[in-house]
1. Given LEU15, TRP60, PRO104, which one lies farthest toward the positive end of the charge dipole of the range 1-106, if we put +1 on the Cβ of every Lys and Arg and -1 on the Cβ of every Asp and Glu?
2. Gain in length, ILE53 to VAL71, computed as 0.36 nm per residue apart minus the alpha-carbon separation, to one decimal in nm?
3. For a bin width of 10 Å, list the pair-distance distribution of the range 52-140 built from all Cα-Cα distances, rounded to whole %.
4. GluC sites (Glu not before Pro) within the range 51-159: which are DSSP loop residues with at most 13 other Cβ atoms inside 10 Å?
5. Just ALA151, ALA18, ALA173 to compare: in a GNM of the chain, with alpha carbon springs under 10 Å, which one fluctuates most?
6. How long are the semi-axes of the equivalent ellipsoid of the range 121-195, taking √(5λ) for every eigenvalue λ of the Cα gyration tensor, in whole Å from largest down?
7. Simple spin-label model, 7 Å along Cα-to-Cβ: GLU37 to TYR147 in nm?
8. Measuring from centroid to centroid over Cα atoms, what is the spacing of the range 96-116 and the range 1-67 in Å?
Amino acid sequence: MSEEIPGYDYGDESLPEAPYDEEDLEKLQAAVMFDEEDEEALREAGEVLEPQIDEILDLWYDFVGAHDHLVYYFTDGEGNPDEEYLERVRERFGQWIRDTCNPPYDQEWLNYQYEIGRRHTREKKNRTDDADAVDHIHARYLIAFIYPITATIRDFLENGDHSDAEVKEMFHAWFKSVTLQVTLWTQPYFPEGDW
């Protein structure tokens, strides 16, 4: 998959080891009440979401594009968007949906979460895509984005052949996973010892 999606290097040995491990992950999973039933619900969600990924991305990109302060992070800081950067990120965003729905999560997955986090900060923003965009995404928008990418997914989950109770389970599993992942992504924003 990494050869097909520009900049997608999940599992690549060149990625640095995350500063958190599977024991840390287990504690975070407990904090967001994520368990094996959520893993199963996410796998089911993946089957429902897979044929809808382009529609999901259209919705999310329309949302970002409707807010100058969000699309700003894909521009040169003067309102000029880097279209190639937007397209490359979109392809990885689609794969992120698949990866989210493909637990269990392990150290290799954790290492890639760390990489995703770094790619939002001055440490690595733009470098993966040789982009001409502002060099840092403020953490407040990373965190705030949990809501729109969670709230909007429910309608897509309802398009499958599942009961209301099963949709609810998939939705909550997605919410927990997104919260967990964004928590991991914030690690590079904190001084050592504060995360």
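1. TRP60
2. Details: separation 18, 0.36 × 18 = 6.48 nm, distance 2.03 nm.
Fully extending the segment from ILE53 to VAL71 adds 4.5 nm.
3. 15, 45, 34, 6, 0
4. Values: sites: GLU55, GLU78, GLU83, GLU84, GLU87, GLU91, GLU108, GLU115, GLU123, GLU158; in loops: GLU78, GLU123, GLU158.
Answer by residue number: GLU78, GLU123, GLU158.
5. In the Gaussian network model the winner is ALA151.
6. Values: eigenvalues 197, 49, 17 Å².
Over the Cα atoms of the range 121-195, the ellipsoid semi-axes are 31, 16, 9 Å.
7. The answer from the label model is 2.8 nm.
8. 6 Å
Quick note: the coordinates plus some simple rules give every number you see, no bench work behind them. Everything quoted here is computed from the prediction, not taken from an experiment. Methodologically, a virtual Cβ is constructed for each residue, glycine included, from the backbone with ideal geometry; neighbour enumeration extends over all protein chains shown.
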